[in-house]
1. So which residues in the stretch 88-136 are among the acidic types (D, E) and under 22 Å from L192 (Cα atoms), if there are any at all?
2. Consider N161 carefully, then state whether it is of a type outside the set (D, E, K, R), at pLDDT below 90 and open to solvent by less than 80 Å² (accessible area, probe 1.4 Å).
3. What helices (runs of 4 or more DSSP H) lie completely within the stretch 1-113 and have 2 or more residues being surrounded by 12 or more Cβ atoms within 10 Å (Cβ to Cβ) and under 23 Å from the mean Cα position of the chain (by Cα)?
4. Which of the residues belonging to the stretch 114-129 are open to solvent by 80 Å² or more (accessible area, probe 1.4 Å) and either among the polar types (S, T, N, Q) or not in a helix (DSSP H, G or I) (or both)?
5. If I ask for residues that are under 30 Å from C68 (Cα atoms) and modelled with pLDDT of 80 or more, which ones from the stretch 270-300 would you list?
6. Just wondering, is there one or more residues in the stretch 233-240 that are aliphatic (A, V, I, L, M), under 30 Å from A67 (Cα atoms) and assigned to a helix (DSSP H, G or I)?
7. Mind counting the residues in the stretch 530-577 that are touching a Cys at 6+ places or on another chain (Cβ under 8 Å), at pLDDT below 60 and open to solvent by 80 Å² or more (accessible area, probe 1.4 Å)?
8. Determine which member of the set M399, M383, M379 is of a type in the set (A, V, I, L, M), open to solvent by less than 30 Å² (accessible area, probe 1.4 Å) and over 37 Å from the mean Cα position of the chain (by Cα).
Amino acid sequence: MNWGTELWDQYDNLAAHTHKGIEFLDKYGNYVKDRCAIELEYAGKLRRLVKNYQPKRKEEDEYQYTACKAFRQLLQELGDFAGQREVVAENLQSNVVRELHLLAKELREERKQHLNEGSKQMALLGTAVGSLERARRSYERAARESERALDVYQKAEADFNLSRAEVEKQKMNMKLRSQACEEAKQEYMDQLRKTNEAQRQHYEQRLPHVFKQLQDLDEKRIKNIKNFMLSSVDVERKVFPIIIQCLDGMEHAAKSINEKEDTQLVIERYKSGFVPPEDFRFEAATGADATDSATTHATHNHLTAARGTVSGNRIKKRGGLLSIFSSNKIIEACNSFKNNMSMDGKEDYSDLPPNQKKKKLQAKVHELTKQVGQEQAAMEGLMKMKGVYETNPTLGDPMTVEGQLNECCDKLKKLRTQLRKYEDLLTEANNQVCAPPIHPTARTNGAAPTQATSIGSNSESLSRSASESSVSTGTGCIGTGTGPGVGGGSCTGGRAAGGSPESGLGGELAAAHTDHTNGDHDENDHDHDPDHDFYGDYYYEADLQPLGYCKALYAFEANGTGSTMRMECGEQLLVLETDAGDGWTRVRRSNTSEEGFVPTTYIVTTLYADAHH
């Protein structure tokens, strides 16, 4: 199929067809461009939708429920979905629209060149045909003049009245006209041969070549439209795996909703820790005044307890109800402690119900623990830097670090004091919350309640927290540079900031810290506990409670020093200490008592609900 042979006489139609083809290419380019705009608009509206439904700051507490968490995850996946629509628009713009625009411009230039060449060939053929027509007219005119000259000569020769000279003249004119006719005839035949040759070359070689170029141009246009369509499909197909992941994430978020867990969270969130009010007691009628007084007093106590159960903001006003949860000694110790600490109601959360107060104190202790760990890691780093400067003075002046060390120690001292304060409050709150409630069968009409006595027996004194594990970033004994968990030396709780458990700097840092902070703490700051070994401000806790669990993403081989622990890929371990900023997490095997440190980046950790607070 060749346009040059099949459409040799359709030059104008082919020129119009190629022009329409390029216009169609532009039309497809505009379609893809509008598609990109729609994709970007769709992605923008999706992102705006996600932003509008993101939880506000005042709604953060509501998003602890599984349904709300699932909705937040769904919004996140929808944001990723919108990002993939933006990727589609960007790739269509770069891979299709831009290339299509360049192709249309190139095809227009090529078409113009081919049509100019065709016009030139048509002009050459027209010139040859014009020359042939002129030669033919010259030949016809010479032939007519030769015939007239011959007629005149014959008439003159037949006329005896004409002289011999006149006859010779007409004879000579006849010969000249006859010769001119022969020359015109010869010229016409030569031009005819040339014109025919030019016409054959025009329709067999020159014009077919132009048509072939136009045909190639049109096929190139059609082929590129095909490729652009396939490229558009491929652009969208490439984002399908991620879009499917987004949809899978939405499905996973929906399946993670647990109505029982949300119900339990409601209990944990709003449980006050109070017990229901006791039954009304029967008061014997000894007189009108006594009966009225007793009834009024009992009703007042019942309504006061009911109001305290409904609203935690009125707990301070329920004077008679505090005796249910603590003995007189605990109340006196608490009041004395609060007076010494100069705390207001908001700091010790005394305006909250017991259970809510405990949760707030746990969160505060966790926050202070984290701050203490960060400050201690910073102090250890400064001490290490000071030791390096003292060893090599060319690197820096050790005195430049002194001021920062003093400031860090002061801040650490304040944080520890505040931490101990909140730990004591938490201990008190635990004693209150753990008080046994009155069993319903113990309530009888006419019998006085006995819960104050039973509670008091469980809370004789205000004890200090049994563990101050939050003082250090990590616990363990460092003897001769073997790392945490290895005995034989002084016990410290610090690991070098940014180092591994095998850094071997624990003993030096502990000694330097003890010398530097000597005298900063009162001698009564720490109570002796058989479960702890204290060395300065550092200690070792013998039995840590798991904070959560983790799963090994990769296998890890221990270095043989005893501080690190081997683990297999996919193994489940208990988390004893979270990463304090040095890149190591302390874990324990669930089926044995083996403990050690593993790289934080090798595991994925899930903390228990209490550990988050």
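The values are calculated or read from the model by the stated rules, or taken from the named source; none is laboratory data. Just so it is clear, the structure is predicted and the values come from calculations on it, not from any experiment. A quick note on method: Cβ atoms are made from the backbone with ideal geometry, for glycine too, and the neighbour counts reach across all protein chains shown. Just so you know, the surface numbers come from the protein's heavy atoms only, side chains and all, with ligands and any DNA or RNA stripped out. Shrake-Rupley method; radii C 1.70, N 1.55, O 1.52, S 1.80 Å.
1. Selection gives E133 alone.
2. no
3. Answer list for the stretch 1-113: 11-52, 66-92.
4. N116, T127
5. Those that are under 30 Å from C68 (Cα atoms) and modelled with pLDDT of 80 or more: Y270, K271.
6. The answer is yes; a qualifying residue exists.
7. Adding up the residues that qualify gives 2.
8. Of M399, M383, M379, the one residue that is of a type in the set (A, V, I, L, M), open to solvent by less than 30 Å² (accessible area, probe 1.4 Å) and over 37 Å from the mean Cα position of the chain (by Cα) is M383.
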